[in-house]
Amino acid sequence: MFKVFFRIILLLTGLSIYSQKNQTTINAQLFAEKNILNISQELTYYNTSKDTLHEIVLRNWADSYRDNETPLAKRLLEDYKTDFYFSKDDDRGYSQINSIKSNNKNLSYHSPIHQKDLIYVNLKNPLFPNKNITISLKYTIKIPDAKFTGSGKKGMDYYLQDWYISAAPYEEAWVLDSHNNLNYQYNTPTDFNINFKVPIGFQVHSAFHQEKKIGSDFLNYHLSGEDFVKANISITFLKSYLKVNTGKTNIITDFISEDFDTAIQEEKMQQMMSFLEKNLGQLPHKQILVEKETYNQKPIYELKYLPKIFHPYEEQFKWEIKFFKTLSSEYIDQVILNNKYKYYCFNEGLEVYLFIQYMNENHPNSKLIGRLSEIWGLRSMNIAKSKFTDKFSIVHQITARENLDQSLNTPLKELSNYNKKVITPYKAGLSFVFLEHYIGKEKLQNSIKEYIHKNLNKTSNPKDLINILQKNSSKDISWFMEEWVNSNKKIDHKISKATFKKDSVYITLKNRRSIKTPVAIYGLKNNEIKSKTWTDGFSDTKKIAIKNDSLDKVILNYENDYPEINNRNNWKNAKPKLFERPLKIKLLKDLNNPNAHQVFLNPEFAYNLYDGVILGIGIQNKAFIHKNFEYKLKPTFSTASGTLTGGFDFSYTVFPEKTNVFDVSLGMSGSNYHYTKDLNYNVISPYFEIAFKQPNMRAIGTNKITARFLGINKEVAPGTTQTDEDKYQLFKVAYNYRKNQLINDYKLNISTEIATKFSKLTTDFRYRHLTNKKRPVEFRFFGGIFLRNASTSDYFSFNQHTANDYLFELPYLGRSETSGVLSQQYVKAEGGFVSQNEPGFSNQWLTSINTSIGIVRWVEAFNNISLSKSKTEAAFFDYEGGIRLNFIPDILEFYLPIYNKEGFVPKDNKYYENIRFTVTLKAQPLIKFFKQQLF
């Protein structure tokens, strides 16, 4: 009897401890005319740790929108988003705390200067383990504009995420997570009881159980639910949501397409829910909220940025994949509760994996470029033959080849935007595919469901799934965490040798990287799979034998079982051919074909005064995925001179894994164009470049050293003797550094040139600051000195005004013009002066400071000063100033000088000849500019 009683006591104690979860009761009222929420809240916090707590940390993320000094404001700038930094106070938000009490007694509290969206509440009495405290709060929230983060006011509607005050999790220490625009707040399962009053005409939508009562001026909504980790609420004005019953769960959604019948959409929703229930198990809640705004925060990017008229997909297909992506994300977040700050890749990877499975089941023939794959001229391309789901491995391979990906265990906060939004989810999804191929689809899916069932409604650790997988599989998967998840190593195996004997094929494998992951070997006959063999990971080389069932080829990773960065060395034929990889010429750049030598033909277009319109064709081997060795030949025809011109570039690049070096390139380039009418120049330049990694992947910038030898030969007019200024060689070493930020942008270039007649050292430092009034302030310092100068002319001298571009590096349209419009083209180099004042040249040293400051919009005032020195002459001081019309920085600008040392410039009868302009016709700067505007 005593034993039974003892067991009952233990059971009740266990249930009590297990039920110790936080509870939140909220009474909120919306005042729409002022975008204000008045809130009274009771928060019951349980100390489930082993520590005694003397304070509780609360998240007050509504206050993240207060000013430019919050973590959110700084993070948005890091993400190259300026909307918040330059926004009006009316568009921002805040939280005003009126009182924090416990047992009707005021509690003292404070917020750190560097984390204003956290509140440290001092407890009057210690909170012991397994005890709880109820804290009462009264506060007012000003709702921000939703354009900043997706949460807030949009038009007449409100989309509220992380809007209420919540307790930070405690895991041996407080998880001090400020709002960092990650669309995520880490919470433990909480029971909610919310009363929400909204004005007549507004409707409240959520995943909670919901009841509504109509008052005289307000609608009263009661929302309740257990074991929720978020309380997203949408309040819409005169806008209803669709409620779709899919069996045990209702879908609440505004994500409806007007392009086809709603009944079809409801049928698709039921199909999606059935798929997710089969793969993940039943939802713990009876409703799920699926909104278009949620999709906009995590879109399918190729659909988001492609104009609707150019979409190659049917409207129904587009809506279906968008809806499934959003639904599966919300579904996974309900059934798997973990700390995404640590395990971001897990939920995101599972979402991508399920997307691949759903597409394989319901759209197995969908193509990457949709109906464009049927167009003549495109349908023969590899990209047209690729399935829609191939995009995950293609994008990952492009990125991994250039070391732009981050390891899967990288904390969410440290991921670059590109990795957070695209690469980490893709790479993690391919990791699930890897496991599926290695241990079997059924074992993987059963293990996922077992993991979810064991951890339903409680915080879990994804590492537990690995233990379940290991238990359910006879294969060793210890490599998965050690080699794949916890490192950024790349997979690249090759078949060094394959000997086909009567009964067996003897294969020598080579591991070209340091990772030790399993390798899949396929035996093929007439492109039909006859065998598949897995072998364990290894270092260096490994010899294996497989059965020879009349095989004519052996291939590694034939079905893309795992993400590999190079598959050009994955196969051997039983009967080697003279040309193992046939030559294939394509008119357009395409995906890589590992079975062929690809040559791509692309149109080339350029212009300068002496060559006129330059037309030609680029012949290159560069496909979408980077190769170590790449070349480009540019034979062109210059319409003005009627001659053949062009250039070439050969390069070999490697991307080291375990060093601070980002890439190392060795190559040679050359060009042949005209520098004046009927006279051409050619440049031959072997080069070496080493680029260093940024301190972290979120930092955008440049840090590289370039060494280049230049051999320059200028054609001279008939009857003219070629001099040292027409044919010369020099060696140039340059260091380039840039810390690329929106508000504070730094550039530094230090270079030295060594030639037969001279050697020089130069420094070019530039700083750009954007004030909170959106006015740019720019500062540039140039300093140059000749270490040795035996030249007898000013051809190689420093120039205060227009740099004498003897290296043919600057984008002049008429580099030899001394009059006319093209002589007024301005490139900020060397002295950087707009006016051409005497003496202009300096053969000893030159220093110059160029500044500008914004006045209104694109109108700026510029000022330049310089001090220069030539041999046998005294130092010369000069200055100038004027107006800069900065329409597109470094691409389209106009300079109107007002004054200089010689006087008031506009008094000149031909003042228009003093105006200077900057124009760029090259594609790369234009592409860079528009990318910054879009992303």
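Bear in mind that the values in this text are calculations on the coordinates, not laboratory data. Keep in mind it's a predicted model, so treat the numbers as computed, not measured. All Cβ positions, even for glycine, are placed from backbone atoms using ideal geometry, and neighbour counts span all protein chains on display.
One table, with the values for the structure above:
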{"item": "Rel. contact order, % - alpha carbon contacts under 8 angstrom, at least six apart, region 155-285", "result": "23 percent"}
{"item": "Cα centre as origin, Lys/Arg/Asp/Glu Cβ charges: the chain dipole, Debye", "result": "2160 debye"}
{"item": "Amide H partners (placed H, <5 Å) of residue 883, local residues excluded", "result": "862, 896, 898"}
{"item": "Degrees between helix 463-472 axis and first principal axis of the chain (Cα, 0 to 90, nearest 10)", "result": "70 degrees"}
{"item": "Karplus-derived HN-Hα couplings along region 405-413 (A = 6.51, B = -1.76, C = 1.60, θ = phi - 60°), whole Hz, x at Gly and Pro", "result": "8, 10, 5, 5, 8, 5, x, 3, 5"}
{"item": "Dipole of the chain, positive end: most advanced residue of 515, 149, 832 [Cβ charges, Cα centre]", "result": "515"}
{"item": "Beta bridge orientation in region 238-387: antiparallel %, DSSP, nearest 5", "result": "55 percent"}
{"item": "Shape call, the chain: gyration tensor on alpha carbons, a/c limit 1.5", "result": "oblate"}
{"item": "Sites residue 700 and residue 890 - FRET efficiency at Förster radius 25 Å, r taken between beta-carbons, to 0.05", "result": "0.90"}
{"item": "Dipole magnitude (debye, nearest 20) for region 241-335, charges at Cβ of Lys, Arg, Asp, Glu", "result": "300 debye"}
{"item": "Relative contact order (%) - criterion: Cα under 8 Å, at least six apart; region: the chain", "result": "6 percent"}
{"item": "The chain: angle of helix 441-454 to the longest principal axis, Cα-based, in degrees nearest 10", "result": "60 degrees"}
{"item": "Residue 476/residue 222 FRET efficiency (R0 60 Å; Cβ-Cβ; nearest 0.05)", "result": "0.65"}
{"item": "Long-range amide H partners of residue 60 with built H, under 5 Å", "result": "118, 119"}
{"item": "Karplus 3J(HN,Hα) series, Hz, for region 50-60 with 6.51 cos²θ - 1.76 cosθ + 1.60 (x for Gly, Pro)", "result": "8, 9, 8, 9, 10, 8, 10, 9, 10, 8, 10"}
{"item": "Amide H within-cut-off set for residue 590, under 5 Å, with H built and near neighbours excluded", "result": "624"}
{"item": "Linear extension gain, residue 526 paired with residue 242, 0.36 nm per residue minus alpha-carbon span", "result": "97.0 nm"}
{"item": "Per-residue HN-Hα couplings for region 787-798 [Karplus 6.51, -1.76, 1.60; θ = phi - 60°; Hz; x = Gly/Pro]", "result": "7, 7, 8, 10, 6, 9, 10, 9, 4, 9, 6, 5"}
{"item": "Taking all pairs of distinct alpha-carbon atoms in region 741-935, Kirkwood radius in angstrom", "result": "17.8 Å"}
{"item": "Net charge dipole size for region 396-464 [Lys, Arg +1 and Asp, Glu -1 on Cβ; Debye, nearest 20]", "result": "180 debye"}
{"item": "Shape of region 351-485, Cα gyration tensor, a/c cut at 1.5", "result": "prolate"}
{"item": "Region 358-387: trypsin sites (Lys or Arg not before Pro) falling in loop per DSSP and having at most 16 other Cβ within 10 Å", "result": "379"}
{"item": "Helix axis angle, 340-362 relative to the chain longest principal axis, alpha carbon, degrees", "result": "90 degrees"}
{"item": "Under 18 Å from residue 530, Cα to Cα: lysines that are on another chain or at least 8 residues apart", "result": "501, 502, 547, 553, 572, 575"}
{"item": "Pairwise label distance in nanometres, residue 629 with residue 128, each label 7 Å out on the Cα-Cβ vector", "result": "7.6 nm"}
